[in-house]
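Read through the structure below, which is laid out as structure tokens, and then see the notes.
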């Protein structure tokens, strides 16, 4: 669920925070850094407050996040930068302030965009704005609204040390226009119920729920398939459905996500390339007698025989993983030759991944839950938990298009059999887990 824009903002925040910290290495006093952040806060937060007041009208519902995290980090920055005024610090020793200045600056810049964003629901539509930058959707144009929940677990050496959940509401007006309403993030929360109620009441043309993508796509005329032959018979099994798709007939209500050429090549080259690198690394270890981590061995163990055994073990392990990666990569060669033979199929009764003659899937009657998780070699994994407490894991990243779309179609078919969100105002939720260890 990480967007390219989020990554760009994170990189920009790191660069600005590091640049501000680098001022400590110049003849300028450290207090200039704190003063700069304070002036920036006064200008931006004052501007933000003025724009926010202009939108508070009787017919408008406004959602904005409080600026406490930004103000607290600003105060801490000012205190750190004022330290040399109270405690004499030699010029060549002032560099130790870089770390707190960088960290507090990173927190400040990381929370600033969320603080400046606000949303307004009025008679005309839904509006998202930050200072002078705004995006608006008219109520009749909004065709899909669904909640998203992402739980992130931060691990250190595979030991979970922190866990948090981010909750957002995605509002779409057509396939290329999306607005993200931030409801909850780490240390950020707001009373979003009035805005959510207004969206629910006024977006009368919208489908609500993550599992409504099939319905939305039909509305957008993106899922219109060819007419069925007169002697058509519904599929009685997953392989029967696959056979129909290969024959050019898409079963009613089904979606076929075909492998994308660019993703196929990316999978092949990344996996095979990683394997070749590991095999080359094993050859290097043997040729040079290198032991990775050898400096941590007890001195009594640093004998030629022990080092030779350690080198051999590391080389064998690297070569084994390298060959495994190469085999995984070469499996995609067939997809390069026959991309139409690789697809993911979702019907109202069955689902499965098709790779040539291999079909991996089951009927929805055996499914208990569907979710996405991070940690796959190719990106997000689609995890299907079964009623017998086992699970199917599909590690295909973006091979067949956005995992979100596949997830939504599967959730629609699953919920049609056993609705799970009857009391949720915005229908089924898109749920995902991320391990940031």
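The values are calculated or read from the model by the stated rules, or taken from the named source; none is laboratory data. Just so you know, these numbers come straight off a predicted model, no measurement behind them. Note that we place each Cβ from the backbone using ideal geometry, even for glycine, and neighbour counts take in every protein chain shown.
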When you go through 310, 274, 280 one by one, which is the residue that is assigned by TED's automatic domain parsing to the domain that holds residue 394, surrounded by 14 or more Cβ atoms within 10 Å (Cβ to Cβ) and within 35 Å of the chain's Cα centre (by Cα)? 274
What is the residue count in the stretch 187-204 for residues that are surrounded by 14 or more Cβ atoms within 10 Å (Cβ to Cβ) and not in a strand (DSSP E or B)? 9
Hand me the list of helices (runs of 4 or more DSSP H) wholly inside the stretch 1-114 holding 1 or more residues that are under 30 Å from residue 374 (Cβ atoms) and touching a helix residue (DSSP H, G or I) at 6+ places or on another chain (Cβ under 9 Å). 4-22, 68-86
Those residues that are touching a strand residue (DSSP E or B) at 6+ places or on another chain (Cβ under 9 Å), assigned to a helix (DSSP H, G or I) and farther than 20 Å from residue 410 by Cα, I need them from the stretch 331-366; list them, please. 334, 335, 339, 340, 341
Restrict the check to the stretch 138-145 and report whether at least one residue is more than 29 Å from residue 19 (Cα to Cα), buried (at least 17 other Cβ atoms within 10 Å of the Cβ), modelled with pLDDT under 85 and in contact with a strand residue (DSSP E or B) (Cβ under 7 Å, 6 or more places away or on another chain). no
